[in-house]
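Structure, as C-alpha cells:
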Amino acid sequence: MATEEKKYKTFQEFYPFYLSEHQNSTSRRLHFVGTGLVFVILLAAVLFHKPIWLLLIPVVGYGFAWVGHFFFEKNKPATFQYPLYSLASDFKLFFDILGGKQRL
C-alpha cells in the first residue's frame with residue numbers, strides 16, 4: 001500500500017519541506033546562482049530596454065535548479081507539485097543565504 005504524500009496548505013508548512021529537499025551544497029549553490037542570475041537578467045532587460053531577455057528567466061532559473069535536483073540532490077523538484085510555493089521558496093532561500101540565515 002502506497003503512502004499518501006503530505007499536502008501543504010501554507011507557505012509556512014511548505015518551506016521546511018523545501019529546505020529538506022535542498023540539503024546538497026552543490027544543489028544549493030546552483031539554486032543560488034540561478035536565482036541571482038534571474039535578478040541580473042531582469043535588471044538588464046529593464047536597463048537596456050530588452051523585454052525579450054525576460055524569456056531567459058525561466059530557462060536560467062529552472063535550469064540551474066533542475067540540474068541541482070536531478071544530478072546532485074537526486075530528487076524531483078517540488079515545482080511540479082507546488083509551483084508557487086517553490087518559486088517563493090527559491091527567493092526566500094536566496095535572501096536567507098544572502099542574510100546569513102541559511103548556509104550555502
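Data table
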| item | result |
| --- | --- |
| The chain - Debye-derived log10 I(q)/I(0), Cα point model, q = 0.21 Å⁻¹ | -1.11 |
| Exposed-loop-free span, longest in the chain, where GluC sites (Glu not before Pro) count as exposed if DSSP calls them loop and at most 14 other C-beta atoms lie within 10 Å | 6-104 |
| Linear extension gain, Lys9 paired with Trp53, 0.36 nm per residue minus alpha-carbon span | 12.5 nm |
| Trypsin sites (Lys or Arg not before Pro) lying in DSSP loop within region 1-55, provided at most 13 other Cβ fall within 10 Å | Lys6, Lys7, Lys9 |
| Check: region 11-98 dipole with +1 on Lys, Arg Cβ and -1 on Asp, Glu Cβ, in debye | 200 |
| Contact order normalised by residue count of region 11-98, Cα under 8 Å, 6+ apart, percent | 38 |
| Gain upon complete extension [Leu84, Phe71; 0.36 nm per residue less C-alpha separation] | 2.4 nm |
| Rounded to whole Å, sorted largest first: equivalent-ellipsoid semi-axes of region 29-89, Cα gyration tensor | 24, 12, 9 |
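Every number here is computed from the coordinates shown, using simple stated rules; none is lab data. Owing to the predicted nature of the structure, the values given are computational and were not obtained by experimental measurement. Neighbour counts are summed over all protein chains in view; Cβ atoms, including those assigned to glycine, are modelled from backbone coordinates with ideal geometry.
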